[in-house]
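Undergrad: One structure, pasted below without further comment.
The values are calculated or read from the model by the stated rules, or taken from the named source; none is laboratory data. Please read all numbers here as calculations on a predicted model, not as lab measurements. Here the Cβ positions follow ideal geometry from the backbone for every residue, glycine too, while neighbour counts run over all protein chains shown.
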Amino acid sequence: MNCKIGIPRALYYFHFFPLWETFLAELGFEPVVSPPTNQDILQRGLSTCVESACLPLKAFVGHATFLVEQGLDLLFVPQVISVFRKEYTCPYLLGLPDLVRSYLPATVRLFSPVLDARRGKGQPTFSYLRFGLQFKPPLQAFKAWRRAKAVQDELEKAQQNTNSLPGGLNILLLGPRYLTDDAYLNGNLLRKLEELGTGVITAAAYPDAITWPAARFLAKPPYWTSTRRAVGALEQAINRIDGVLSIAPFGCGAHAMQGVLVGSRISGSKAAHLQIYLDEHTSPVGLVTRLEAFCDLLERKMSG
Amino acid sequence: MKVTFPHLGNAYIAIEALLRGLGHEPIAPPPTTRHTLELGSLHSPGELCLPFKIVLGNMLEGLELGADSVLMIGGWGPCRLGYYGEIQRILLEALGKRVEFITLEVPRGSYATYFQRFRKLAAARSAKALLHGARLSWAKLTALEGLEELALKARPREQISGAASRYLQEQLARLREAETVHEVQQIVEEAEVGFRAIMGPERAHLLRVGLLGEIYTVVESFANLGVEERLGELGVEVVRTISLREWVENHIFRKALGLYSLRPLRRLASGYLSGFIGGHGLESVARSVALARQNLDGIVHILPLSCMPEIVARGILPRLSKDEQIPILSLVVDEHMGESGFQTRLEAFVDLLQRRVDALGKQRSACLSGN
């Protein structure tokens, strides 16, 4: 058995790609990942997906339809309900397989294991294993999962590097991974920050073991994982940074609240906060102007 | 304590009774107006949804009337509503208001915290007074929803335009003053007769339209620009699928006891949506299927701009509409809505439904004459 399975390069792919790719390959599939988002792919999403959806979701639909047009009739679209205890990802992700389903021809099959870590890490593991058992005998499925998990852990550990802040301006970049890691959607923001000579640290640099307790200073810690990670990372990094840059898709409800939480935390400290909302109409030029102005502001603040 | 609370349709009648029973002085904010919304929008992050802004406006207006605490509901996701109270607390604090927030939610942790919160809320009154308050409040909630349902039936059949809505307002005002459960029951019984008097003779075919969507925008008539009245005046009987009473039963009592099950909804929605997506998203999809199977003529789906669960539902509804053969109108509401555009869309939808019914009727009679 060596059939191709498509993985859209969008949303939680950016969190779990080592695990998903390795796992599917170990199970005997040939994983085909869609290319990095480009105008053609995004355009597909914009013209199909329900109009009030957020940019990354539209991009996801674009990636999925792109893969289907390449002749793939199997897609891996897990339903990522939760990645951490007692927390949710986002309502869009809860309904993702059903939403994507309604935009694809009926001949396409979606594989959608339910990943729901609300009651602990056991459920996703179990869910992956059950998925694997459809294709391989128990021992092989278990080995496949363990190998995939090892690859995933290795990558996560490599990302958790908080010492990489050089001198000069240091910025904490907050935002969902599927925006910060998708250079097309965020208008190549990281490169631009680099060109401006700022040191960037993202929430991904802090593991849950740090951000979860760090977010406890709030009377009611947020129940969306990405918001909790952002608030926790801010709490950890607040003394080492000069500014906070939040990027979010336009219309993202969790981020509007994150803005309030971040704003109330840094009020009184020396850090400044810039919120950028991205949608399909965002121009890269305007983005550069705003980043430059923000860096100018930070520099002026620093020099007193 | 002087407690204020956000408006949610006519629920203030029941909330007042509850707070009185608990030994507090309820301070109902003035009816929601454009000013409320502007006040709320001024102090909210722009990206938050319409309900957040109206609710914050209500709180601010309530505090202006001298309230010192705010009653709000909370939750633990994934819908944003659960976190609104917390954000509103932070925003009000930043505005320099000294407010105590009483959040009604299933607490994280033990039942002891549940009990502690309840103790804090129940301001040293006798058990008898508490019980009376709770019973009265429940009776009023049931009654006010009963009255509203009667008005939904009466509006398309009324002889004098606007009579049903006026009568409803009168009865609600009486209900607000009622002090015993017996009085409440009497009001409902009288209203049944009263509404019947308003209605004219039965029409041949009355269009019936289901109303569903995000609970706040469906229940709060300011947020949906009075969609129930508008449809009623266009001669359409509105079938409600959302009831506050049911919401309280399911989400406060049953959930706390672990008795709430989504299975019936999931069964209805199967093939379209596999499970809970937060808010009323699953309900919207499941109830659309149910309404289609009850042979309703159409569905109006209301959602606030950027409401994530309802956007997922909205993405799925077109397919459902095709498969189940029922026209669905999705209306997105936010603070920039214009009344006339809204009215035009409703009128166009009702025209479409009427034409569809006529065409189907002709088809049917053609079949019969062909026999």
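Undergrad: Considering each of B:Lys153, B:Lys140 in turn, give the residue that is assigned to a helix (DSSP H, G or I), modelled with pLDDT of 95 or more and crowded, with 16+ Cβ neighbours inside 10 Å.
TA: Exactly one residue qualifies, and that residue is B:Lys140.
Undergrad: For segment B:82-131, enumerate the residues that are acidic (Asp, Glu) and at pLDDT 80 or above.
TA: Result: B:Glu86, B:Glu93, B:Glu100.
Undergrad: With the requirement that a residue be more than 20 Å from the chain's Cα centre (by Cα) and under 20 Å from A:Gln152 (Cβ atoms), what does segment A:1-23 give you?
TA: A:Ile5
Undergrad: Here is a follow-up. Kindly indicate the residue of segment A:77-119 that is in a loop (DSSP other than H, G, I, E, B) and of a type in the set (D, E, K, R) and also surrounded by the most Cβ atoms within 10 Å (Cβ to Cβ) among those meeting that condition.
TA: A:Glu87
Undergrad: For segment A:238-253, what are the residues that are within 14 Å of chain B (Cβ to nearest Cβ) and closer than 18 Å to A:Lys192 by Cα?
TA: A:Ser246, A:Ile247, A:Ala248
Undergrad: Further, regarding this structure: Got at least one residue in segment B:199-222 being part of a helix (DSSP H, G or I), acidic (Asp, Glu) and away from chain A (no Cβ under 14 Å)?
TA: no
Undergrad: Since A:Leu193 meets every condition but one in (1) in contact (Cβ under 8 Å) with a residue 24 or more places away in the chain; (2) surrounded by fewer than 24 Cβ atoms within 10 Å (Cβ to Cβ); (3) more than 14 Å from chain B (Cβ to nearest Cβ); (4) not in a helix (DSSP H, G or I), which condition does it not meet?
TA: All conditions pass for A:Leu193, except number (4).
Undergrad: A follow-up question, please. Taking segment A:254-286 as the search range and keeping residues that are facing chain B (nearest Cβ under 10 Å) and without any contact (Cβ under 8 Å) to a residue 24 or more places away in the chain, which one is farthest from the chain's Cα centre (by Cα)?
TA: Among residues in segment A:254-286 that are facing chain B (nearest Cβ under 10 Å) and without any contact (Cβ under 8 Å) to a residue 24 or more places away in the chain, the one farthest from the chain's Cα centre (by Cα) is A:Ser267.
Undergrad: Could you please find all residues in segment A:44-97 being aliphatic (A, V, I, L, M) and within 11 Å of another protein chain (Cβ to nearest Cβ)? Give the steps one after another, and end with the answer.
TA: The first filter runs over segment A:44-97 and keeps only residues aliphatic (A, V, I, L, M), leaving A:46, A:50, A:53, A:55, A:57, A:59, A:61, A:64, A:67-68, A:72, A:74-75, A:77, A:80-81, A:83, A:93-94, A:96.
Scanning segment A:44-97 gives A:Val50, A:Ala53, A:Leu57, A:Val61, A:Ile81, A:Leu93, A:Leu94, A:Leu96.
Undergrad: Something else about it: Suppose the filter is touching a residue at least 40 places away in the same chain (Cβ under 8 Å) and more than 17 Å from the chain's Cα centre (by Cα); does A:Cys54 pass it?
TA: Details: touching a residue at least 40 places away in the same chain (Cβ under 8 Å): yes; more than 17 Å from the chain's Cα centre (by Cα): no.
Spelling it out, it is not the case that A:Cys54 is touching a residue at least 40 places away in the same chain (Cβ under 8 Å) and more than 17 Å from the chain's Cα centre (by Cα).
Undergrad: Okay, next question. Here is a list of conditions, (1) part of a helix (DSSP H, G or I); (2) within 12 Å of chain B (Cβ to nearest Cβ); (3) of a type in the set (A, V, I, L, M); (4) within 20 Å of the chain's Cα centre (by Cα), and A:Ala215 meets all of them except one; can you say which number that is?
TA: Of (1) part of a helix (DSSP H, G or I); (2) within 12 Å of chain B (Cβ to nearest Cβ); (3) of a type in the set (A, V, I, L, M); (4) within 20 Å of the chain's Cα centre (by Cα), only one is false for A:Ala215: (2).
Undergrad: Related question: Listed residues B:Ile54, B:Ile87, B:Ile73; which is among the aliphatic types (A, V, I, L, M), away from chain A (no Cβ under 14 Å), touching a residue at least 24 places away in the same chain (Cβ under 8 Å) and within 24 Å of B:His280 (Cβ to Cβ)?
TA: B:Ile54
Undergrad: Quick check: is even one residue across segment A:87-98 more than 17 Å from the chain's Cα centre (by Cα) and touching a residue at least 24 places away in the same chain (Cβ under 8 Å)?
TA: no
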